[in-house]
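The values are calculated or read from the model by the stated rules, or taken from the named source; none is laboratory data. Quick caveat: nothing in here was measured; it's all calculated off a predicted structure. Reconstructed Cβ throughout: ideal geometry from the backbone, glycine too, with neighbour counts over all protein chains shown.
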Amino acid sequence: MVHCIGIGPGEPSWLTLRARDLIAGAEVVAGFDAVVNFVRPHIAPGATVITMGYKDQVEKLAEMAVHHHAGKKCAVVFMGDVHFSGFQFWERVERACGHRVESVPGISSAQVLASRARVCFDETTFITFHRRGDIEPFKKHLASALEVGRNAIVIPLPWSFMPKDIAADLVARGIPPQHKIEVWENLSREEASWHGTLGECTRDFSDMSILVIRALEPMPTGLEGEP
Ligand SMILES: C[S@@+](CC[C@H](N)C(=O)[O-])C[C@H]1O[C@@H](n2cnc3c(N)ncnc32)[C@H](O)[C@@H]1O
């Protein structure tokens with residue numbers, strides 16, 4: 001059995017009990033170096049640990065798949081939740097194994113951001129630029145989400161499409177620079193936040209950053225007129 005496991009935003013108390021137990025019970029734990037490091041205390045002594053980077057992920061996942069096909073229990077760890085900005089890696093795991101692989105949800109950085117910045121998911125579009133391939137369709141999608149009055153929670157692409165590039169691109173597409181924006185760094189750990197408008201967003205942020213761009217007009221809550 002292989003599980004793709006979301007480990008939460010980094011700080012250990014945000015790891016779910018289910019994720020912790022699956023990691024502790026795994027004979028093989030694989031993932032990007034930084035992500036594996038967050039869960040090292042939970043990995044069983046004697047388990048095989050396969051760490052990887054962007055360049056060697058296909059070969060390292062193939063190595064994990066050999067263990068899997070030999071009957072070993074494998075866990076592949078993901079930052080946050082598997083289902084936000086994790087699909088390409090999940091698909092690579094499945095390609096390596098040759099079949100579908102179960103996911104185990106984790107607490108996404110988007111959820112922590114929503115909590116800190118008081119964002120309603122129902123009114124929000126989620127977009128990641130942290131992906132391989134052409135990001136132009138996602139740039140257009142972000143602009144159109146804001147045009148129809150939705151908020152957007154956005155993961156930048158280190159280092160070529162960071163918050164200041166996203167803001168400049170939106171303004172160039174005709175999105176009003178008055179949209180409010182918040183950029184949050186290192187959520188659940190040494191958190192830092194910056195608040196301003198699209199027009200004011202010109203500074204640099206770390207690669208561990210996520211942002212919310214608010215709709216110009218908040219959607220009606222349905223509670224208007226209630227005492
Ligand atoms: C490949 S994406 C994975 C996102 C992850 N699946 C999630 O649900 O949070 C990695 C990017 O997510 C953002 N991110 C992940 N954890 C974060 C955190 N604790 N604080 C701020 N941003 C974070 C950063 O932009 C980081 O470069």
Which members of region 201-212 meet the condition of being surrounded by 15 or more Cβ atoms within 10 Å (Cβ to Cβ) and either over 19 Å from residue 80 (Cβ atoms) or among the hydroxyl-bearing types (Ser, Thr, Tyr) (or both)?
-> 201, 209
For residue 38, work out the one condition from (1) within 26 Å of residue 190 (Cα to Cα); (2) in a strand (DSSP E or B) it doesn't fulfil.
-> (2)
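Considering 49, 93, which residue is more than 16 Å from residue 106 (Cα to Cα), surrounded by fewer than 20 Cβ atoms within 10 Å (Cβ to Cβ) and at pLDDT 95 or above?
Sole residue among the options that is more than 16 Å from residue 106 (Cα to Cα), surrounded by fewer than 20 Cβ atoms within 10 Å (Cβ to Cβ) and at pLDDT 95 or above: 49.
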How many residues does region 172-202 contain that are assigned to a loop (DSSP other than H, G, I, E, B) and either assigned by TED's automatic domain parsing to the domain that holds residue 80 or within 27 Å of residue 35 (Cα to Cα) (or both)?
-> 6
Which ranges mark the strands (runs of 3 or more DSSP E) fully within region 41-123 that have 3 or more residues being touching a helix residue (DSSP H, G or I) at 6+ places or on another chain (Cβ under 7 Å)?
-> 48-52, 74-78
Of residues in region 5-34 being in a loop (DSSP other than H, G, I, E, B) and touching a residue at least 60 places away in the same chain (Cβ under 8 Å), the one surrounded by the most Cβ atoms within 10 Å (Cβ to Cβ) = 7
Among what's in region 52-90 and is within 16 Å of the ligand (Cβ to nearest atom) and β-branched (Val, Ile, Thr), pick the residue that is surrounded by the most Cβ atoms within 10 Å (Cβ to Cβ).
-> 76
